[in-house]
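The structure under discussion appears below in the form of structure tokens.
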Ligand SMILES: C[S@@+](CC[C@H](N)C(=O)[O-])C[C@H]1O[C@@H](n2cnc3c(N)ncnc32)[C@H](O)[C@@H]1O
């Protein structure tokens, strides 16, 4: 599976509401008048499947994901699911809405991936994508720095989280020549997190997974790495007077309809 780390639906869903919000914002803006086939690519635990079905009541909605653990949770929602690597997934029939929330940034080579996904659409279809644009933020950048610094460095050599996505202009240049309609925007959410070490807990459900996977079976190193990361997050994202921690989270949105 292309770069897909181990996923723990329970840890991921600790912040389920915050993680669902951009999906809902994107779903609300999909302009398709009446899709028949909707696919959620990288559906994870299936959080967005009911929202897609509610927005498009005439459509069959299907979730695709590479993680057996996440898919087991998605299947419990009652929607059809399929285990596949997005890198080589193709639909049996062209799709009207190809939706993906917080998944495609885990795959490399967007210059090849996005045109291929456009090719999976039926005439008049829409590709609807949201991806975190957080590579330079402390929650992500500190992971790479710390991985190279401590006693865990040898075990973490070559381990990286999701690669940086293109900047918004890069997606424009890639998609505009291929699209009849294109809508790009960036939103920075200010997630209000609570509880002990909430930023570290957030990352443990997503971007920190590759490092934690690599330290599996080394409890001392894993605990040391996590403690160092949590301390760095406390410094980078200090609590407000009421104890809440604000996590600014930048997200890139793409709505693309290919040329006929
Ligand atoms: C951050 S979760 C997002 C889940 C869901 N879309 C949501 O919004 O809650 C990323 C999901 O993408 C899936 N994923 C990442 N890379 C993948 C790949 N190459 N093929 C299939 N699924 C992949 C993971 O298994 C994971 O469930």
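Throughout, read-outs are computed from the coordinates displayed, never taken from laboratory work. All of these numbers come straight from a predicted model, not from anything done at the bench. Positions of Cβ are generated from backbone atoms using ideal geometry, with glycine treated the same way; all protein chains shown enter the neighbour counts.
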| Sequence-separation-based contact order of the chain, relative, with Cα cut under 8 Å and 6+ spacing, percent | 23 percent
| remark: Per the chain, sqrt(5λ) over the Cα gyration tensor eigenvalues, sorted largest first, in Å, gives 32, 19, 18
| remark: Exposure proxy check on 237, 189, 211: fewest-to-most Cβ neighbours within 10 Å is 189, 237, 211
| Nearest-ten-degree value, helix 138-147 long axis tilted from longest Cα axis of the chain | 60 degrees
| request: Sort 221, 247 so the one with the fewest other Cβ atoms within 10 Å of its own Cβ comes first. | output: 221, 247
| Cα pair distances exceeding 16 angstrom across the range 153-204, given as percent | 68 percent
| Dividing the convex hull volume of the Cα atoms of the range 180-227 by its residue count, what figure in Å³ per residue is obtained? | 112 Å³
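For 81, 187, what's the fewest-to-most ordering of other Cβ within 10 Å of each Cβ? Don't skip to the end; give the middle numbers.
Details: 81 22, 187 15.
Taking fewest neighbouring Cβ atoms as first place, the list is 187, 81.
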| query | Cα centroid distance between the range 170-229 and the range 231-248, in Å? | reply | 17 Å
| remark: Among 147, 162, 102, the residue with the largest mean-square fluctuation in a Gaussian network model of the chain built from Cα contacts under 10 Å is 147
| Euclidean distance between Cα centres, the range 93-162 to the range 21-39, Å | 20 Å
